[in-house]
Amino acid sequence: MIPLETLLDGLERTLTASVLPDVGSRFARGQLYAVVDVLRNLRDRIEPKAELLAAEAESAAAALERVAAVLDAQPLREALAAAAGVPLATRVVALRAALIDALGRIDALPDDRAREARAALNAHLAAQAIRDLAVVKPSLLREISKG
């Protein structure tokens, strides 16, 4: 079986190297670039990559451990323990739910007590945003607009 990434890479190469040179109209070229742009960005998003999920799970668990320690929150510790024994994709979903729970717990606290817990979650969320953006390919908007 051919990996999905290989198929999408092949589609992209074929469209840009073989089809694009023979497309005469500016509109059609713009449409073709739009399809290539979608294919490039779908490549790493169709099936979540294990390494991306593992990085998210590790970061979320570390942040939640800090929050649980700061808040002395047994439900967060229990959620962490439960998430540790499940498959990676399920673990990430469970940790995301625990993060939402943690945000609610922190929101109910006075700022001075919540500061350290917020910092732990903010660090995880910032790192996760970077991980999410790292898989986005550069846009072909210029080529799309030129056709």
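If you check residue 89 against the conditions, is it at pLDDT below 95 and in a helix (DSSP H, G or I)? Here the answer is yes, as residue 89 does meet what is asked.
Just to be sure before I move on: is residue 10 small (Gly, Ala, Ser), outside the structural domain of residue 118 (by TED's automatic domain parsing) and surrounded by 16 or more Cβ atoms within 10 Å (Cβ to Cβ) in the structure I sent? Working first, answer last.
Details: small (Gly, Ala, Ser): yes; outside the structural domain of residue 118 (by TED's automatic domain parsing): yes; surrounded by 16 or more Cβ atoms within 10 Å (Cβ to Cβ): no.
For residue 10, the condition - small (Gly, Ala, Ser), outside the structural domain of residue 118 (by TED's automatic domain parsing) and surrounded by 16 or more Cβ atoms within 10 Å (Cβ to Cβ) - is not met.
Any residue that is of a type in the set (A, V, I, L, M), within 30 Å of residue 15 (Cα to Cα) and surrounded by fewer than 15 Cβ atoms within 10 Å (Cβ to Cβ) - is there at least one of those in the stretch 43-64? Yes, because at least one residue in the stretch 43-64 is of a type in the set (A, V, I, L, M), within 30 Å of residue 15 (Cα to Cα) and surrounded by fewer than 15 Cβ atoms within 10 Å (Cβ to Cβ). Candidates 37, 44: the one that is in contact (Cβ under 8 Å) with a residue 60 or more places away in the chain and in a loop (DSSP other than H, G, I, E, B) is 44.
Across the stretch 52-83, the qualifying residues are those that are hydrophobic (A, V, I, L, M, F, W, C) and without any contact (Cβ under 8 Å) to a residue 12 or more places away in the chain, and the one among them that is farthest from residue 106 (Cα to Cα) is 81.
The condition of being touching a helix residue (DSSP H, G or I) at 6+ places or on another chain (Cβ under 8 Å), within 30 Å of residue 33 (Cβ to Cβ) and part of a helix (DSSP H, G or I) holds for only one of 145, 139, that being 145.
This table checks each residue for (1) farther than 26 Å from residue 4 by Cβ; (2) not aliphatic (A, V, I, L, M).
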residue: 62; (1), (2): yes, no
residue: 76; (1), (2): yes, no
residue: 130; (1), (2): no, no
residue: 142; (1), (2): yes, yes
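The numbered conditions (1) closer than 20 Å to residue 66 by Cα; (2) assigned to a loop (DSSP other than H, G, I, E, B); (3) in contact (Cβ under 8 Å) with a residue 40 or more places away in the chain; (4) not charged (D, E, K, R) are all true for residue 109 except (3).
Out of curiosity, is residue 131 touching a residue at least 12 places away in the same chain (Cβ under 8 Å), assigned to a helix (DSSP H, G or I) and more than 29 Å from residue 8 (Cα to Cα)? Answer is no for this residue. Tallying residues that are farther than 23 Å from residue 6 by Cα, more than 16 Å from the chain's Cα centre (by Cα) and of a type outside the set (Val, Ile, Thr) within the stretch 20-60 yields 8.
The values are calculated or read from the model by the stated rules, or taken from the named source; none is laboratory data. All values reported here derive from a predicted model rather than from experimental measurement. Please note: Cβ atoms are built from the backbone with ideal geometry, for glycine as well, and neighbour counts cover all protein chains shown.
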